[in-house]
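Any read-out appearing in this document is the output of simple, stated calculations on the displayed coordinates, not a laboratory observation. Bear in mind the structure is a predicted one, so any value in this text is a computation, not a measurement. No Cβ is skipped: glycine too gets one built from the backbone with ideal geometry, and neighbour counts run over all protein chains shown.
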Amino acid sequence: MPKMKTHKGIAKRMKRTRKGTVTRSRANRGHLMSGKRGTRKRRLRKKGRVVTKQARAYARLLGG
């Protein structure tokens, strides 16, 4: 059976850490940032973790 290919759409949006957790960037950062408060913008800069059952599916699509 051939190897499974990496899903490129997921690979551009998510990364796996060394421990195997899946990280993602947060939504609502595309545009219209001037109307958002500084605390919200700082919070949006940080990476989010995928902690649901979908993390396993994303990890599989990332090639692991």
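Quick notes on this structure:
- Scan of the stretch 10-35 for residues that are exposed (fewer than 13 other Cβ atoms within 10 Å of the Cβ) and among the aliphatic types (A, V, I, L, M), ordered by number: ALA27, LEU32, MET33
- Hey, THR52 of a type in the set (S, T, N, Q) and not in a strand (DSSP E or B) or not: yes
Results for (1) polar (S, T, N, Q); (2) in contact (Cβ under 8 Å) with a residue 12 or more places away in the chain; (3) part of a helix (DSSP H, G or I); (4) on the phi > 0 side of the Ramachandran plot, shown as yes or no for each residue.
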{"site": "PRO2", "(1), (2), (3), (4)": "no, no, no, no"}
{"site": "ALA11", "(1), (2), (3), (4)": "no, yes, yes, no"}
{"site": "ARG18", "(1), (2), (3), (4)": "no, no, no, no"}
{"site": "THR23", "(1), (2), (3), (4)": "yes, yes, no, no"}
{"site": "ALA57", "(1), (2), (3), (4)": "no, no, yes, no"}
